[in-house]
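Visitor: Here you go, one structure.
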Amino acid sequence: GESVGLHLPTLSVQEGDNSIINCAYSNSASDYFIWYKQESGKGPQFIIDIRSNMDKRQGQRVTVLLNKTVKHLSLQIAATQPGDSAVYFCAEETGGGADGLTFGKGTHLIIQP
Amino acid sequence: DSGVTQTPKHLITATGQRVTLRCSPRSGDLSVYWYQQSLDQGLQFLIQYYNGEERAKGNILERFSAQQFPDLHSELNLSSLELGDSALYFCASSVEGQGAYYGYTFGSGTRLTVV
């Protein structure tokens, strides 16, 4: 399948500011998208998901936006905290996961005090 | 602790050797997925098992194989190892065998270093 890409390898933000991490996907048949957080030495941890019939979904301090017209996904983290430092991946799934998840390259979010 | 247990956490071996990575899914999960994470390829899906049967296959090399046992734990076998096989290997589990929508939990991974 086609890969999901990320625009920036590193994003540095001030503690307390909002963070926006972007992702471009190329498979228009993908119907489910997930954002994962990966801390050093750990596996990917689910943050938030969205199905293709939605354009926005909110969680606790996080929001995912999906723009199918331009095949763009974003993760917004409100009031970024030191514990948010990690690598963030977007992932897409097509057809009920028959081909597993396709992950982007990841964005390393760095929180500055 | 995610509930998905992977052993060993670290493995160092020589080229040409064979290793076995083990994954125990969360209690109640029937499906196991294997992923490889390398610096150049990122996270890539290798293979999925559901209740003992192979369900889906991704970018898995012919030198690699996997199986899921009656107690639902899974093993990933890597043979004729090459330097390029050095990577983190993750296993994820889910209740259903129909993808991530029904919940996908990753283990902490096995770091394989081939020297």
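Nothing in this text is a laboratory measurement; each read-out follows from the coordinates by a stated rule. Just so it is clear, the structure is predicted and the values come from calculations on it, not from any experiment. So basically every Cβ, Gly included, is an ideal-geometry build from the backbone, and we count neighbours across all protein chains shown.
Visitor: So for region B:1-92, averaging the separation of alpha carbon pairs under 8 Å that are six or more residues apart and normalising by length, what relative contact order in percent results?
Guide: Values: 183 pairs, mean separation 31.2, N = 92.
Taking the mean separation of contacting Cα pairs over the length of region B:1-92, I get 34 percent.
Visitor: Please report, largest first and rounded to whole Å, the three semi-axes of the ellipsoid equivalent to region B:14-58, where each semi-axis is the square root of five times an eigenvalue of the C-alpha gyration tensor.
Guide: Working: eigenvalues 98, 41, 24 Å².
Values for region B:14-58, descending: 22, 14, 11 Å.
Visitor: Would you look at the GNM of chain B, springs on alpha carbons closer than 10 Å, and say which of B:16, B:52, B:97 moves the most?
Guide: Checking each option, the largest mean-square fluctuation is seen for B:16.
Visitor: Can you give me the relative contact order of chain A as a percent, contacts being Cα pairs under 8 Å and 6 or more apart?
Guide: 38 percent
Visitor: Enter the per residue convex hull volume of the protein assembly as shown, computed from alpha-carbon coordinates, in Å³ rounded to the nearest integer. Numbers along the way, then the final one.
Guide: Numbers: hull volume 26.7 nm³, N = 228.
Hull volume normalised by residue count: 117 Å³.
Visitor: Taking the highest mean first, how do the peptides A:21-29, A:94-102 order by number of other beta carbon atoms within 10 angstrom per residue? Could you put the intermediate results ahead of the total?
Guide: Values: A:21-29: 17.3, A:94-102: 20.7.
The densest-packed peptide leads the list: A:94-102, A:21-29.
Visitor: Could you state the orientation-averaged shadow area of the convex hull built on the Cα atoms of chain B, in nm² to one decimal? Please report the intermediate quantities before stating the final value.
Guide: On the way: hull surface 25.9 nm².
The number I arrive at for chain B is 6.5 nm².
Visitor: Does anything in region B:36-50 have its amide N under 18 Å from the 7 Å Cα→Cβ label point of residue B:30, and if so which residues?
Guide: Label zone hits: B:48-50.
Visitor: Tell me, what is the FRET efficiency for residue A:74 and residue A:112 to the nearest 0.05, using R0 = 30 angstrom and their Cβ-Cβ distance as r?
Guide: On the way: r = 21 Å, r/R0 = 0.70.
So the FRET efficiency works out to roughly 0.90.
Visitor: Cα centroids of region B:3-26 and region A:12-41: how far apart, whole angstrom?
Guide: After rounding, the separation between the Cα centres reads 28 Å.
Visitor: More than 19 angstrom separation, counting every C-alpha pair in region A:60-113; what % is that?
Guide: Working: 578 of 1431 pairs.
Value for region A:60-113 (Cα pairs over 19 Å): 40 percent.
Visitor: Eight or more residues apart or on different chains, and alpha-carbon atoms under 17 Å: count the Lys pairs in the protein assembly as shown matching that. Working shown, then result.
Guide: Numbers: A:37/A:105; A:42/A:105; A:42/B:9; A:56/A:68; A:56/A:71; A:71/A:105.
For the protein assembly as shown, the number of qualifying lysine pairs is 6.
Visitor: Can you list which of the GluC sites (Glu not before Pro) found in region B:28-80 are DSSP loop residues with at most 15 other C-beta atoms within 10 Å? Before the final figure, lay out the partial values.
Guide: Values: sites: B:53, B:54, B:62, B:75; in loops: B:62.
Qualifying residues, ordered by number: B:62.
Visitor: When a/c reaches 1.5 or more, the comparison of a/b and b/c decides; with that in mind, is region A:17-113 rounded, prolate or oblate per its Cα gyration tensor? Mind showing how you got there, number by number?
Guide: On the way: a/c = 2.12, a/b = 1.50, b/c = 1.41.
Cα axes put region A:17-113 in the prolate bin.
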